[in-house]
Amino acid sequence: MRLLRRGFLRASACLIALAAGFPTGLAAAAAPERVVNIYNWSDYIDPKMLDAFTRETGIKVVYDTYDTNEIVETKLLAGRSGYDIVVPTGPFLQRLIKAGAFQPLDKAKLPNLRNAWPEVTARLAAYDPGNVYAVDYMWGTTGIGVNTALVRERLGPNQPLNTWDIVLRPELIAKLKDCGVTMLDSPDDIIPSVLQALGMKPDSRRTDDLDKAGDALFRIRGAVQKFHSSEYINQLANGDVCLSVGYSGDILQARRRAREAKNDIDIAYFIPQQGALMWFDAFAIPKDAPHAAEAHAFIDFMMRPEVAAANTNFVSYASGNLAAKALVKPEILSDPGIYPDEATFRRLFTNTAYDDRTQRVVTRLWTRVRTGR
């Protein structure tokens, strides 16, 4: 009888609470948990911002990472990835848009788009005409990171370091083999950079041009210790390698880690004088995203100036948020490797997605370079 009476009282209390408009344990249990599943590059966001988003919205963040665009492309083209937000780079974004992998953004749910950097948004439109599907998160360049002391010791005090020559001239890079050289495992970054360095159009589709770029890389690949797109951050910071062709923010993160470790390793980043690839990583929502409303809420949160600035301060990449610049740390804002001056900005170029024929050529060349055969 006590059990029956207790159940009666509990049911009565629920009815009274519902009538009064108060939430009940029964109602709370029926409400589904709000969640957003994010797939982003490794070492690419301030974890405190994820916590802040959850505290404010009640939306749980499930956060997975990757280190190549190819992984994202494969998952999305297979369908039912389960992700609500992915962050592909320009040419991959372009290719996935053409494949119908994304849903158009509901810009009425993104009021903080007003903070976007117009010039960056305009350049992103080369991949996403009309900026229908994507919002720039970060942008940066592909250039050269060096352990200054080790490289100077081997190349001498007078050799310019802001040049692709130290990578592509066999007699120079051979001098660095013993202290460790790495290169991004990303033909979409490396091939256009080499074409530019050789004086050709960086977005060339001509097989002869691509073969020349592949030959130039094959000649120096014996000096490359590893092709990888994330490991070099810690390798540079720890002094395990002395030169990395990599992403601007990654190399500057390595510099920060070395300084925090107080290991007397000085890391420098150079945008080569011949020019460098400017790339864009953008938020996009897969067509079959299970939590599109939560995805829009997350993107809008990321576009707040104070949040965008916190992420830039953490990862050392330039934000696609113009309003955030006023809140970025002075040492980051004044660093030409992150926010280039106007003259350097004019030397930056972009690339677009390869057509199927060109992609086959590039894949063949890159396989030859990576394997050495």
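The values are calculated or read from the model by the stated rules, or taken from the named source; none is laboratory data. Just so we're clear, the structure is a prediction, and the values are computed from it rather than from any experiment. No Cβ is skipped: glycine too gets one built from the backbone with ideal geometry, and neighbour counts run over all protein chains shown. Remember, those area values only see protein heavy atoms, side chains included, never the ligands or the DNA or RNA. Shrake-Rupley method; radii C 1.70, N 1.55, O 1.52, S 1.80 Å.
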Fill in the blank from the handout: For the chain, Rg(Cα) over 2.2 N^0.38 Å is 1.16
Problem - Residue-level accessible surface for PHE227, protein heavy atoms, 1.4 Å, Å² - result: 20 Å²
Practice task
Mind listing the long-range amide H neighbours of ASN40? Cut-off is under 5 Å, sequence gap 5 or more, other chains count too, H placed in the peptide plane at 1.01 Å from N.
Solution key: ASP64, THR65, TYR66
Problem - Förster-model FRET efficiency, 56 Å R0, GLU153 and ALA52, C-beta, rounded to 0.05 - result: 0.80
Completion exercise
Note on the stretch 115-266: alpha-carbon gyration tensor, axes a ≥ b ≥ c; rule is a/c under 1.5 for rounded, else prolate if a/b larger than b/c, else oblate; result oblate
Practice task
List the residues whose amide H sits under 5 Å from the amide H of PHE102, counting only those 5 or more places along or on another chain, with H placed 1.01 Å from N in the peptide plane.
Solution key: LYS287
Problem - Over the stretch 260-373, equivalent-ellipsoid semi-axes from the Cα gyration tensor in Å - result: 29, 26, 16
Completion exercise
Taking a straight Cα-to-Cα line shorter than 22 Å from LYS226, and setting aside same-chain lysines fewer than 8 residues away, one finds LYS175, LYS177, LYS212
Problem - Karplus-derived 3J(HN,Hα), 6.51/-1.76/1.60, for each residue of the stretch 236-248, Hz, glycine and proline x - result: 5, 4, 8, x, 7, 9, 10, 8, 9, 7, x, 7, 3
Practice task
Mind checking the per residue accessible area of the chain for me, 1.4 Å probe, whole number of Å²?
Solution key: 45 Å²
Exercise for the section: Indicate the gyration tensor shape class of the stretch 101-199 (rounded, prolate or oblate), computed on the Cα atoms with a ≥ b ≥ c the square roots of the eigenvalues: a/c under 1.5 is rounded; otherwise a/b larger than b/c is prolate and the rest oblate. Expected result: prolate
Handout entry: Spatial separation of Cα centroids for the stretch 325-373 and the stretch 207-257, in angstrom
Key = 12 Å
Practice task
With everything on Cα atoms, drop me the angle between helix 207-220 and the longest principal axis of the chain, reported from 0 to 90° to the nearest 10.
Solution key: 80 degrees
Problem - Kirkwood hydrodynamic radius of the stretch 32-152, from inverse mean 1/r over distinct Cα pairs, in Å - result: 16.5 Å
Exercise for the section: For the chain, find the longest principal axis of its Cα atoms and tell me its angle to the long axis of helix 356-371, 0 to 90°, nearest 10. Expected result: 70 degrees
Exercise for the section: Could you pull out the pairs from LYS48/LYS75; LYS75/LYS325; LYS98/LYS325; LYS48/LYS329; LYS48/LYS325 whose alpha carbons sit more than 22 Å apart here? Expected result: LYS48/LYS75; LYS75/LYS325; LYS98/LYS325
Problem - Rounded tilt (10° steps) of 47-57 against the dominant C-alpha axis of the chain - result: 30 degrees
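What shape does the stretch 194-339 take by its C-alpha gyration tensor, where a ≥ b ≥ c are the square roots of the eigenvalues and a/c under 1.5 counts as rounded, a/b above b/c as prolate, and the rest as oblate?
oblate
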Handout entry: Rounded to the nearest 10 Å², the accessible area of THR358 at probe 1.4 Å
Key = 0 Å²
Fill in the blank from the handout: Whole-Hz Karplus couplings 3J(HN,Hα) for the stretch 259-268, θ = phi - 60° and coefficients 6.51, -1.76, 1.60, Gly and Pro as x, run 5, 5, 7, 6, 9, 6, 9, 9, 9, 10
Problem - the stretch 155-206-the stretch 288-323 distance, computed between alpha-carbon centres (Å) - result: 33 Å
Problem - Protein accessible area in the stretch 177-247, 1.4 Å probe - carbon and sulfur % - result: 42 percent
Fill in the blank from the handout: Heavy-atom accessible area of ARG257, protein chains in place, probe 1.4 angstrom, given in Å² to nearest 10, is 60 Å²
